[in-house]
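Note sheet for the following structure.
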Amino acid sequence: MEALTAVCMATYTCERHVAGQLASSLQSPRVVEVPASDDGSTDRTREIALGFADARVRLLDGPRAWAIGRFESLLGAASGDFNFLADRGYMWLPDKVIAIPATPRTANLLVSDCSVVKGELRLPQASFQALRQSCAGLLKNLVRNGALGCCMGFRPRVLDRAPSLPRRVPMLSWWIGLVTECGGSVRFQREPLLSCRRAAHHAMNKTVNLVSDD
């Protein structure tokens, strides 16, 4: 049976990117829903999302909390066999969701790679996993996080071990990765399955020296 996927998307004043992110997230029929939490955008973000011609998009009012709080509320509203996290500035490649059925049933967390795009120019050396030397392992990831949230797909049971996210955790992806390493299996997939238009993570920003186009 094919895994059904929910894409949990956080939005805030991102009218330039929201349509592209939604379109790339919805290109696979395995995506059953895209709950999008908007935290009070002051531009046309909500209008664009509400007018999107796809019934799978469900716009929710955000909790007006820090980013982790927004994603926590989204994960509580999702109903997929696999949950993905999405944010502005990313374009999913067509194979992103297709890769999920190939994930062993014992794997609770799939972490793909991502490439970086500045305008229309791809920077082929900009592999996040190569820059961070990403791989599975509790101690390694405790010292240095090897995953971006936008690259993660995970089974809902991952969070059963930690139903409430700690308020002081610096990165949601770090917390999800460590929790999974403690009681489940993590699979790193070396193929880039999305493109990042901007430096979405401070480590990548320092290494690639990109300037955000937001």
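Tell me whether segment 116-125 contains one or more residues that are in contact with a His (Cβ under 6 Å, 6 or more places away or on another chain), at pLDDT below 85 and either under 14 Å from residue 5 (Cβ atoms) or open to solvent by 20 Å² or more (accessible area, probe 1.4 Å) (or both). Checked against the condition, which is being in contact with a His (Cβ under 6 Å, 6 or more places away or on another chain), at pLDDT below 85 and either under 14 Å from residue 5 (Cβ atoms) or open to solvent by 20 Å² or more (accessible area, probe 1.4 Å) (or both), segment 116-125 yields no hits at all. Within segment 150-162, being open to solvent by 20 Å² or more (accessible area, probe 1.4 Å) and either touching a helix residue (DSSP H, G or I) at 6+ places or on another chain (Cβ under 7 Å) or at pLDDT 80 or above (or both) holds for 155, 156, 157, 159, 161.
When you look at residue 111, is it part of a strand (DSSP E or B), modelled with pLDDT under 75 and of a type in the set (A, V, I, L, M, F, W, C), yes or no? Answer is no for this residue. Set side by side, the residues 36, 19 differ, and just one is touching a Ser or Thr at 6+ places or on another chain (Cβ under 6 Å), of a type in the set (Gly, Ala, Ser) and touching a residue at least 24 places away in the same chain (Cβ under 8 Å), which is 36. If the condition is being in contact with a helix residue (DSSP H, G or I) (Cβ under 8 Å, 6 or more places away or on another chain) and either open to solvent by 40 Å² or more (accessible area, probe 1.4 Å) or hydrophobic (A, V, I, L, M, F, W, C) (or both), then segment 14-53 contributes 14, 15, 18, 19, 22, 30, 31, 34, 36, 48, 49, 52.
Would you be able to say whether some residue in segment 68-85 is in contact with a strand residue (DSSP E or B) (Cβ under 9 Å, 6 or more places away or on another chain), in contact (Cβ under 8 Å) with a residue 12 or more places away in the chain, more than 24 Å from residue 175 (Cα to Cα) and surrounded by fewer than 16 Cβ atoms within 10 Å (Cβ to Cβ)? Among the residues of segment 68-85, not one is in contact with a strand residue (DSSP E or B) (Cβ under 9 Å, 6 or more places away or on another chain), in contact (Cβ under 8 Å) with a residue 12 or more places away in the chain, more than 24 Å from residue 175 (Cα to Cα) and surrounded by fewer than 16 Cβ atoms within 10 Å (Cβ to Cβ), which makes the answer no. Comparison of 7, 31, 57 shows that the only residue that is in contact with a Ser or Thr (Cβ under 6 Å, 6 or more places away or on another chain), of a type in the set (A, V, I, L, M, F, W, C) and either over 22 Å from residue 152 (Cα atoms) or at pLDDT 90 or above (or both) is 7. Of the helices (runs of 4 or more DSSP H) contained entirely in segment 1-88, those carrying at least 1 residues that are over 18 Å from the mean Cα position of the chain (by Cα) fall at 45-50.
The values are calculated or read from the model by the stated rules, or taken from the named source; none is laboratory data. Bear in mind the structure is a predicted one, so any value in this text is a computation, not a measurement. As a convention, Cβ positions derive from the backbone with ideal geometry for all residues, glycine included, and neighbour counts pool all protein chains shown. Only protein heavy atoms, including side chains, enter the accessible area calculation; ligands, DNA and RNA are left aside. Shrake-Rupley method; radii C 1.70, N 1.55, O 1.52, S 1.80 Å.
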